[in-house]
Amino acid sequence: MSASAVPCRRDGKRCGKRSLAQIGRPVLNSWMMLGIESSRVIGLRLTRLMLGGRTAQREVNIMITEKFEAAMEASGRLLVGASTVEVIQMYRRRVAANDRRLSGPVEAEKSRNPKRR
């Protein structure tokens, strides 16, 4: 078997010539897009955290909960045989949802002690 072709069936027969680079390209593309999209969400989250107060505390709580839930979901998917690309796509959907949520207006905190005249 040549180094440029890999078997795609258990019996070792080739289904067509596909290089290792071609097989890994979807994973690499998804991984790179996840990195790009995540960096934007990280910036948006840091902005919320710098505001401080209830907004920052709420964001920290959401972030920790989401990370735990995402890790559990990814583990479950891998246990039932999901591909790497499917798991990356799951994370990309979550990142996109965070992007939409964090891109919206920041809710103004209601002051407990309003200024009186």
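Residue pairs, Cβ under 8 Å, 6 or more apart or interchain, first in region 33-54 and of a type outside the set (Ser, Thr, Tyr), second in a helix (DSSP H, G or I) and exposed (fewer than 14 other Cβ atoms within 10 Å of the Cβ). List them.
Glu37/Ala96; Leu44/Ser103; Leu49/Val60
Are any of the residues in region 61-72 over 16 Å from Asn98 (Cα atoms) and at pLDDT 95 or above?
Within region 61-72, one or more residues are over 16 Å from Asn98 (Cα atoms) and at pLDDT 95 or above.
The values are calculated or read from the model by the stated rules, or taken from the named source; none is laboratory data. What you see is a predicted model, and the numbers here were worked out from it, not measured in a lab. As a convention, Cβ positions derive from the backbone with ideal geometry for all residues, glycine included, and neighbour counts pool all protein chains shown.
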